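Scroll down for the structure; my scribbles are underneath it.
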Amino acid sequence: MEKLNSFAQTSVGASHLSRDIVCQDSSLCADHETYSFAAAADGHGSPCYLRTERGSKFAVECAAECVAEFLDSLEDAAEVLADERQRQQLFNQLWRSIIARWHDKTEKDFTDEPFTEEELDRIPDKFAHYRERYAQGEYISAYGTTLLFAAVTEDYAFGAQIGDGKCVVIDSDSNVTAPIPDDPRCYENVTTSMCQDDAALSARFFYLPKGMLPAAVFLCTDGVENSYWNEEQLFGFFRGLALTMVENGMEEGVRQLGEFLPAMTKKGSGDDVTCSGIISMSKLSSCSDGIREDLAAAAPIVEEPVPEDIVYDDEASQQVVTDVMPAENDTPVEAPDEPESGEQP
């Protein structure tokens, strides 16, 4: 199998540091004998989601566990996944297993450690309906999180997503794309979530066969995405990261990424920032000239000094879930009866 390297880096957001809020992003990566895996998850920023940082941690763990079991159980995988109908069924089964395991982990966490009065008191008065819900044992929203993951083998690559964030792929010809379609229910600071009733139906997938295996797959939470004005600027960031890894080596590239993320959140979104991914260094090296040319041709990003006393907009940075958005009268708004689910492969 061609050598693959995975990585994962997470940094607490500048706005979270200023408000003494725990980092709510989580990331995970692993290199196995037959595949590499990477994941990123973003817990919701509103104080109503009391244990969202635990939810995001559980999410990346569940994805890693279920993908491992999925690949171990799949015979003649490349042939089976080449059939679109079978692929869709199998990916749906995988996603349902991830959601089910995440519910098991959150239930155990709540059973072992019910909400304390101190936790419940952190909920603002205008969201008292959350406090009442949690006091009655309806705990799941407290763990709300997005999830984005990818796996690459020698014969195919695939991944899935719920909520916001971005998957970015660089192919062997240096083309940069976002293979997972956007979810129209995710906009501004509103997102779909693993805590929602329709989470098992809300995944969006990507699949790449052997002839289209990527040079790099990058995953990021919306803290990274929102630090740039548009998708092309975000692609420029990943082109630059790819070149850093080619020119300096994987280990040094990941180290520099870890040093850069705190500056990114301060200059950009103010949110927690996570970037993970899977790299084929041989493919990336082969297309590095094309990446370099595309990066040079892109419009330059004008760097502006960041005030030392910058103040972040608390409301804008608090991620909330689509079907629990408070209306102007502070009562929850229900999601549509039949919300659109993401496109399937």
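Based on the Kirkwood approach, the hydrodynamic radius assigned to the range 1-83 is 14.8 Å, with every pair of different Cα atoms included.
Quick check of the Kirkwood formula: for the range 146-303, what is the inverse mean of 1/r over all pairs of different Cα atoms, in Å?
One over the average 1/r among Cα pairs gives 16.2 Å for the range 146-303.
Ranked by the mean number of other Cβ atoms within 10 Å per residue, highest first, peptides 93-99, 269-275, 69-75 order as 269-275, 93-99, 69-75. Compactness of the chain was expressed as the Cα radius of gyration divided by 2.2 N^0.38 Å, which yields 0.98. Solvent-accessible area per residue in the range 91-131 equals 58 Å², computed with a 1.4 angstrom probe and all protein chains kept. If the limit is 20 Å between Cα atoms, which of Lys57/Lys105; Lys126/Lys267; Lys210/Lys283 go over it? Checking Cα-Cα distances, Lys126/Lys267 exceed 20 Å. What is the percent carbon and sulfur in the accessible area of the chain, measuring with a 1.4 Å probe over the protein chains and ignoring ligands? In the chain, the share of accessible area belonging to carbon and sulfur is 48 percent.
Legend: Rg and Dmax of the range 107-188, from Cα coordinates, 19.3, 56 Å. Between the range 85-122 and the range 1-63, the alpha-carbon centres lie 15 Å apart. Dipole check for the range 169-270: with +1 at the C-beta of Lys and Arg, -1 at the C-beta of Asp and Glu, and the Cα centre as origin, the magnitude is about 140 Debye.
Name the residue, out of Ala203, Ala40, Ala178, whose mean-square fluctuation peaks in a Gaussian network model built on the chain with Cα pairs under 10 Å. Taking springs between Cα atoms under 10 Å, the residue moving most is Ala178. Placing one identical point scatterer on every Cα of the range 150-230 and ignoring solvent, what is log10 I(q)/I(0) from the Debye formula at q = 0.16, 0.20, 0.26 Å⁻¹? Debye intensities relative to I(0), on a log10 scale: -0.65, -0.94, -1.28. Distance between the modelled labels on Glu132 and Leu120, one decimal in nanometres: 1.3 nm (7 Å Cα→Cβ projection). Placing a label point 7 Å from the Cα of Glu79 along the Cα-to-Cβ direction, the residues of the range 149-187 with a backbone N closer than 17 Å are 155-156. At q = 0.22, 0.27 Å⁻¹, what is the base-10 log of I(q)/I(0) for the range 229-285 according to the Debye formula with one equal point scatterer per Cα and no solvent? Please give it to two decimals. Debye intensities relative to I(0), on a log10 scale: -0.93, -1.23. A simple charge model with +1 on the Cβ of Lys and Arg, -1 on the Cβ of Asp and Glu and nothing else charged puts the dipole of the range 83-241 at about 440 debye relative to its Cα centre. Identify which of Lys210, Lys105, Lys126 has the largest mean-square fluctuation in a Gaussian network model of the chain, with springs joining Cα atoms closer than 10 Å. Comparing Lys210, Lys105, Lys126 in the GNM, the peak value goes to Lys126. Largest first and in whole Å, the equivalent-ellipsoid semi-axes of the range 77-214 read 36, 17, 12, each the square root of five times a Cα gyration tensor eigenvalue.
Averaged over residues, the count of other Cβ atoms within 10 Å places the peptides 76-89, 223-236 in the sequence 223-236, 76-89, highest first. For the peptides 16-26, 244-254, residues were scored by their other Cβ atoms within 10 Å and the scores averaged per peptide; the highest-first order is 16-26, 244-254.
The values are calculated or read from the model by the stated rules, or taken from the named source; none is laboratory data. None of the values given here were measured: they were computed from a predicted structure. Reconstructed Cβ throughout: ideal geometry from the backbone, glycine too, with neighbour counts over all protein chains shown. Areas reflect the complete protein model, heavy atoms only, side chains present, ligands, DNA and RNA absent. Shrake-Rupley method; radii C 1.70, N 1.55, O 1.52, S 1.80 Å.
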